[in-house]
Amino acid sequence: MAFDPQAYFARIGFDGAATSDLETLQRIHLLHTSTIPFENVDVLLGRQINIGLDDVFEKLVVAGRGGYCYEQNALLRAALENIGFEVEDLGARVLIANPPEMPARTHRLLLVSIHQQRFIADVGFGGKTLTAPLRLAVDISQPTAHGVYRLTQVEGDYLLSIQQQNEWLPLYRFDLNPQYPADFEVANYYVSNWPTSHFRHHLMMCLKGDNGVSLTQNDWQFSDGQPRTQDNAAELYQLIQQRFGLRVDDKQHGFSLDEFAAICRF
């Protein structure tokens, strides 16, 4: 299904004029992350992750599902380009788990230019996902509704960090070399199929709230305040629909309680 800007706007709750200015970019960025959840259910189900725009639009907009960076930022790019923004694809090396060696580029983000000013846009980084674009400027704190971020330079790359108490937690590093569809096809196949990929071993889900709170799967609790466990698949199945707004009824992209219970025991 071809990209339909009005359907996308309806999905994220955007109304009013859409012009290629910073205010529009900021509004869309926040709305996208607070309505389309980051999630990896299909990876755990063993389904092929198709990142062509038609497939992404069908899954995230029409079927009411979420996805990860190769899907989320593909959708955002299409929306921004349709409005008239100048957008480029970039690839990042994820550092949040403190890998012992330099990791491969397994994250997709966007570089957006507005009147000769450049911004980083990224709606697909899980619990630490940006909810606002960041100026491509180093050594300055950039507050957003869901955290304070900073770009620094290291060995010719940009390093994105988030402030945690009085420290800066590195998230990922990237350069400005453009990435191509083939680059993302390879990386997407790797993160969704490689046996040690963290996407294959536990459920991930995040939705940003308009109150500055990030809701993740780690926040689920029973009514008595006790943490939930993955044994409570039926209740979790209801929660992902009620709390994350995730649709499960689509013929192609939905999934049953039995399928969901199986990945909860993954």
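Of the candidates Glu86, Glu101, Glu81, Glu71, the single residue that is of a type in the set (D, E, K, R) and modelled with pLDDT under 95 is Glu101.
How about the range 92-109: which of its residues are in a strand (DSSP E or B) and either free of Cβ contacts under 8 Å to residues at least 40 places away in the same chain or within 14 Å of the chain's Cα centre (by Cα) (or both)?
Taking the range 92-109 and keeping what is in a strand (DSSP E or B), we get 92-94, 105-109.
The answer is Ala92, Val94, Thr106, His107, Arg108, Leu109.
Taking the criterion of being under 25 Å from Leu207 (Cβ atoms) and either part of a strand (DSSP E or B) or within 22 Å of the chain's Cα centre (by Cα) (or both), the residues of the range 152-167 that qualify are Leu160, Ser161, Ile162, Gln163, Gln164.
Across the range 115-151, the qualifying residues are those that are outside any strand (DSSP E or B) and among the aliphatic types (A, V, I, L, M), and the one among them that is modelled with the lowest pLDDT is Ala145.
Scanning the range 220-266 for residues that are modelled with pLDDT under 60 and either on the phi > 0 side of the Ramachandran plot or surrounded by 15 or more Cβ atoms within 10 Å (Cβ to Cβ) (or both) gives Trp220, Gly225, Arg228.
Kindly evaluate Val112 against the criterion of being touching a helix residue (DSSP H, G or I) at 6+ places or on another chain (Cβ under 7 Å), in a helix (DSSP H, G or I) and at pLDDT 95 or above. Criteria not met by Val112.
Taking the range 1-56 as the range and being among the basic types (Lys, Arg) and either within 24 Å of Ala262 (Cα to Cα) or surrounded by fewer than 19 Cβ atoms within 10 Å (Cβ to Cβ) (or both) as the test, the residues that pass are Arg27, Arg47.
Kindly indicate whether Phe184 is at pLDDT 95 or above, in contact with a helix residue (DSSP H, G or I) (Cβ under 9 Å, 6 or more places away or on another chain) and within 20 Å of His32 (Cα to Cα).
Working: at pLDDT 95 or above: yes; in contact with a helix residue (DSSP H, G or I) (Cβ under 9 Å, 6 or more places away or on another chain): yes; within 20 Å of His32 (Cα to Cα): no.
For Phe184, the condition - at pLDDT 95 or above, in contact with a helix residue (DSSP H, G or I) (Cβ under 9 Å, 6 or more places away or on another chain) and within 20 Å of His32 (Cα to Cα) - is not met.
Only a single criterion out of (1) under 17 Å from Ile120 (Cβ atoms); (2) among the β-branched types (Val, Ile, Thr); (3) touching a Gly at 6+ places or on another chain (Cβ under 6 Å) is not satisfied by Ile28, namely (3).
Set side by side, the residues Ala92, Ala97, Ala121 differ, and just one is in contact with a His (Cβ under 9 Å, 6 or more places away or on another chain), among the aliphatic types (A, V, I, L, M) and closer than 20 Å to Leu31 by Cα, which is Ala121. Of all residues in the range 31-47, those being assigned to a loop (DSSP other than H, G, I, E, B), in contact (Cβ under 8 Å) with a residue 24 or more places away in the chain and farther than 12 Å from Met205 by Cα number 1.
The values are calculated or read from the model by the stated rules, or taken from the named source; none is laboratory data. Quantities reported herein were computed from a predicted structural model and do not represent experimental measurements. Every residue, glycine among them, receives a Cβ derived from its backbone with ideal geometry; neighbour counts consider all protein chains shown.
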